[in-house]
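The values are calculated or read from the model by the stated rules, or taken from the named source; none is laboratory data. Because the structure is predicted, anything quoted here is derived from the model rather than measured. When we count neighbours, we look across all protein chains shown, and the Cβ atoms used for this are built from the backbone with ideal geometry, even at glycine.
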């Protein structure tokens with residue numbers, strides 16, 4: 001009987017004394033955890049205020065030093081200055097370079113090909129990884145530019161004072177330092193903190209969404225989350241279900257939580273009022289574990305997600321604000337009418353497209369189907385029709401306070417009206433040659449053709465050629481608002 005080839009006298013890598021304690025999966029997991037720890041460490045180090053100031057001052061000081069060497073060539077040792085510049089450049093810029101490098105590697109591990117699941121969302125992943133790669137490239141360019149400045153100083157010392165080559169090298173060094181100064185200002189302005197638990201959110205731009213919204217706030221929020229934030233949010237939702245009081249619907253509870261966090265982010269509700277509202281559907285002893293010490297998300301991070309979403313979709317939150325004010329004033333839209341139609345479109349639509357949000361409420365006591373027609377002249381498409389059947393709901397009969405202890409208020413009624421409404425999130429687009437002020441007409445009518453209400457919205461359309469800068473500006477706005485909301489939530493929680 002012949003021996004199997006696999007056992008043909010070959011040495012065993014895991015023979016006696018070489019017990020295998022870990023499999024390949026554990027080894028990879030440890031490697032990923034190590035990269036994550038390094039990302040946090042270098043991110044926190046690069047965000048130290050002393051290093052931030054040093055990175056900005058460094059190229060400016062290089063310009064001054066080069067000018068002084070040109071003015072006093074015999075009094076200043078350029079060789080010594082060049083070695084000091086190399087030391088300062090490596091000392092002050094290496095942490096930010098290491099931070100951006102580990103950020104890119106963690107991104108490739110988590111949301112790149114190695115981190116994707118078969119059922120995971122891949123939309124926006126390429127944009128995130130490209131942004132991370134671009135950030136590291138900028139760091140490499142910055143450090144290379146400043147090291148080049150130091151080399152130019154050293155080379156200039158090889159020529160005697162007054163030599164034309166020496167003067168030319170010093171002038172080029174001044175130019176290199178000037179470019180480094182401008183480049184540093186741009187980098188420091190655009191670079192985000194690479195040490196938090198939601199590192200990819202600022203690089204994400206929404207690209208896919210549902211047109212017919214059921215769980216309105218939840219679906220709008222999830223459409224603006226990157227894959228990593230989506231994963232954390234889903235795990236946090238599972239934890240939420242385990243701490244809810246009996247007979248509480250998890251979907252409704254989540255909608256109320258997001259609405260309350262949005263109001264807190266606007267400064268309309270205090271933290272104590274928020275906690276009182278939470279206690280109505282969450283076990284009181286578990287509120288802290290859900291919003292202060294949760295391993296997936298906490299209250300400041302949830303506030304950051306809401307701020308990020310509001311910055312991207314001002315139109316949608318403008319509808320929520322109008323509904324809130326109508327309830328506080330008992331406006332005509334809630335008084336004496338059987339239907340309430342409200343829509344919002346951005347005042348400027350870049351890249352020849354925009355997001356149209358429509359809320360239709362049936363304020364009668366009878367469930368009736370209606371039709372909504374959206375007409376976009378020269379649009380793609382120019383007409384869309386939708387059959388809607390909002391749940392009937394009777395509005396309050398008087399103005400309501402924003403928040404009142406154990407009484408009906410705007411916080412309660414706004415959630416009720418949104419839950420009963422039919423909410424649409426529609427993409428409107430124009431041909432590439434369309435530019436300027438354009439109308440969008442909405443008509444709500446009965447199924448027999450009788451018009452209930454008709455509104456016209458106006459927007460300024462910009463061609464696709466200007467879309468890149470517009471996208472960058474929107475991402476910058478979302479980053480700033482999300483950071484401000486998170487900081488405010490941290491202060492309120494102290």
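Scanning segment 377-436 for residues that are in contact with a helix residue (DSSP H, G or I) (Cβ under 9 Å, 6 or more places away or on another chain) and assigned to a strand (DSSP E or B) yields a count of 5.
Restricting the search to segment 348-382, which residues are exposed (fewer than 13 other Cβ atoms within 10 Å of the Cβ) and closer than 24 Å to residue 220 by Cα? Within segment 348-382, 348, 381 qualify. Entry remark, segment 92-113: residues being in a helix (DSSP H, G or I), out of contact with any helix residue (DSSP H, G or I) (no Cβ under 6 Å at 6 or more places or on another chain) and either touching a residue at least 24 places away in the same chain (Cβ under 8 Å) or farther than 16 Å from residue 131 by Cβ (or both) number 1 in total.
Residue-by-condition table, conditions (1) surrounded by 20 or more Cβ atoms within 10 Å (Cβ to Cβ); (2) farther than 27 Å from residue 212 by Cβ:
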{"site": "424", "(1), (2)": "yes, no"}
{"site": "428", "(1), (2)": "yes, no"}
{"site": "443", "(1), (2)": "no, no"}
{"site": "453", "(1), (2)": "no, no"}
{"site": "458", "(1), (2)": "no, no"}
{"site": "461", "(1), (2)": "yes, no"}
{"site": "474", "(1), (2)": "no, no"}
{"site": "477", "(1), (2)": "no, yes"}
{"site": "483", "(1), (2)": "no, yes"}
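For segment 144-161, which positions are farther than 24 Å from residue 87 by Cβ and either without any contact (Cβ under 8 Å) to a residue 12 or more places away in the chain or in a helix (DSSP H, G or I) (or both)? Matches in segment 144-161: 160 only.
With the structure loaded, tell me whether residue 355 is closer than 29 Å to residue 434 by Cβ and touching a residue at least 40 places away in the same chain (Cβ under 8 Å) or whether it fails that test. Answer is yes for this residue.
Here's the yes/no breakdown for (1) closer than 25 Å to residue 109 by Cβ; (2) over 24 Å from the mean Cα position of the chain (by Cα); (3) surrounded by 16 or more Cβ atoms within 10 Å (Cβ to Cβ):
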| residue | (1), (2), (3) |
| --- | --- |
| 135 | yes, no, yes |
| 149 | no, yes, yes |
| 163 | no, yes, no |
| 184 | no, no, yes |
| 191 | yes, no, yes |
| 201 | yes, no, yes |
| 214 | no, no, no |
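Taking the stated definitions as given, is residue 223 modelled with pLDDT under 95, buried (at least 19 other Cβ atoms within 10 Å of the Cβ) and out of contact with any strand residue (DSSP E or B) (no Cβ under 6 Å at 6 or more places or on another chain)? Yes; evaluated as a whole, the condition is true for this residue.
Report yes if residue 285 is without any contact (Cβ under 8 Å) to a residue 12 or more places away in the chain and over 18 Å from residue 455 (Cα atoms), otherwise no. For residue 285, the condition - without any contact (Cβ under 8 Å) to a residue 12 or more places away in the chain and over 18 Å from residue 455 (Cα atoms) - is met. Looking only at residues of segment 327-341 that are modelled with pLDDT of 90 or more and surrounded by 19 or more Cβ atoms within 10 Å (Cβ to Cβ), we find that the one that is farthest from residue 388 (Cα to Cα) is 327. The single condition from (1) assigned by TED's automatic domain parsing to the domain that holds residue 351; (2) surrounded by 14 or more Cβ atoms within 10 Å (Cβ to Cβ) that residue 432 fails is (2).
Within segment 233-241, is even one residue part of a helix (DSSP H, G or I), touching a strand residue (DSSP E or B) at 6+ places or on another chain (Cβ under 8 Å), farther than 18 Å from residue 306 by Cβ and modelled with pLDDT under 95? No, there is no match, as no residue in segment 233-241 is part of a helix (DSSP H, G or I), touching a strand residue (DSSP E or B) at 6+ places or on another chain (Cβ under 8 Å), farther than 18 Å from residue 306 by Cβ and modelled with pLDDT under 95.
Within segment 279-291, does at least one residue satisfy the condition of being within 20 Å of residue 204 (Cα to Cα) and surrounded by 14 or more Cβ atoms within 10 Å (Cβ to Cβ)? Taking every residue of segment 279-291 in turn, none turns out to be within 20 Å of residue 204 (Cα to Cα) and surrounded by 14 or more Cβ atoms within 10 Å (Cβ to Cβ).
Is it the case that some residue within segment 224-235 is touching a residue at least 12 places away in the same chain (Cβ under 8 Å) and either in the same structural domain as residue 386 (by TED's automatic domain parsing) or farther than 30 Å from residue 131 by Cα (or both)? Within segment 224-235, not a single residue is touching a residue at least 12 places away in the same chain (Cβ under 8 Å) and either in the same structural domain as residue 386 (by TED's automatic domain parsing) or farther than 30 Å from residue 131 by Cα (or both). Filtered by the rule that a residue be part of a helix (DSSP H, G or I), more than 16 Å from residue 412 (Cα to Cα) and in contact with a strand residue (DSSP E or B) (Cβ under 9 Å, 6 or more places away or on another chain), segment 243-285 gives a lone residue, 250. Of the residues making up segment 286-315, those that are over 21 Å from the mean Cα position of the chain (by Cα) and part of a helix (DSSP H, G or I) number 5. Please verify whether residue 187 is in contact with a strand residue (DSSP E or B) (Cβ under 9 Å, 6 or more places away or on another chain) and either closer than 25 Å to residue 424 by Cβ or not in a loop (DSSP other than H, G, I, E, B) (or both), treating the condition exactly as stated. Spelling it out, it is not the case that residue 187 is in contact with a strand residue (DSSP E or B) (Cβ under 9 Å, 6 or more places away or on another chain) and either closer than 25 Å to residue 424 by Cβ or not in a loop (DSSP other than H, G, I, E, B) (or both).
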